[in-house]
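The structure appears below as structure tokens.
The values are calculated or read from the model by the stated rules, or taken from the named source; none is laboratory data. No experiment lies behind these values; they were computed from the predicted model shown. Cβ coordinates were reconstructed from backbone atoms using ideal geometry, including for glycine residues, and neighbour counts include every protein chain displayed.
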Amino acid sequence: MQGQLTPQQAKEIWPYVRDQNIIDYGAGDLRLAHQMLELGAKHVTAIDKYYGEVDIGYADPRIQVMRARFEDLAELPFRLGKTEVALVSWPVNNHQSSKALEVLLRQAKVVIYLGKNTDGIACGERNLFQMFLRRELLVYEPDRKNVLMILGDRCLVPRKPTGEEIGALDQKNIMNFVDAEAGSARVAACH
């Protein structure tokens, strides 16, 4: 299911969210915001331009819900204080929103990404994944439904891409999951 963590992915995320304030960009139905709290986050700022039918009244008081577009949030991390951890799940394929999201994610010390760019599915624009290649890969936990990447410090030189990034960078030829993973660099450290 889109945006749902596997038990192994939740285990991998735990050290990065425990006792942290999280900004959840594209929070949708708040499922992941609640999971971040269950994994030990102190607070989650959940941002999405649409909440539609979602009943945001059930939100834990440790979740601050904001209805906004990424393009309108340039100063958000500065208003909230230093952004330690940003979460982005299934990022948008809209160029303007993706560029704004890229600017916001650059301000975070750690970026947690969950999405899929194989098997006929594409999320996020190419520029977002080019930016990811300039960050240290801390965790890579591929899954056929959702791939987890946790990214840390910036790299001076782009690192080798993971299977998820290979799929995202070649959006003209959407690859299948197995081929993308076979082509990935298992150890994708900064150079």
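Overview of results
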quantity: Options ALA108, ALA122, ALA100, ALA86: the member that is among the hydrophobic types (A, V, I, L, M, F, W, C) and in a strand (DSSP E or B); calculated: ALA86
quantity: Extreme residue, surrounded by the fewest Cβ atoms within 10 Å (Cβ to Cβ), among residues of the range 143-163 that are free of Cβ contacts under 8 Å to residues at least 40 places away in the same chain and among the β-branched types (Val, Ile, Thr); calculated: VAL157
quantity: Hey, ASN117 among the polar types (S, T, N, Q), under 25 Å from ASP179 (Cβ atoms) and buried (at least 16 other Cβ atoms within 10 Å of the Cβ) or not; calculated: yes
quantity: Residues located in the range 1-56, provided they are modelled with pLDDT of 95 or more, among the hydrophobic types (A, V, I, L, M, F, W, C) and either assigned to a loop (DSSP other than H, G, I, E, B) or surrounded by fewer than 21 Cβ atoms within 10 Å (Cβ to Cβ) (or both); calculated: ALA10, TRP14, LEU37, LEU39, ALA41
quantity: Filtered residue count, the range 98-157, keeping only those that are within 23 Å of GLN4 (Cβ to Cβ) and either of a type outside the set (Asp, Glu) or at pLDDT 90 or above (or both); calculated: 36
quantity: Positions within the range 81-120 being out of contact with any helix residue (DSSP H, G or I) (no Cβ under 8 Å at 6 or more places or on another chain), over 15 Å from ASN146 (Cα atoms) and in contact (Cβ under 8 Å) with a residue 40 or more places away in the chain, in sequence order; calculated: GLY81, GLU84, LYS109
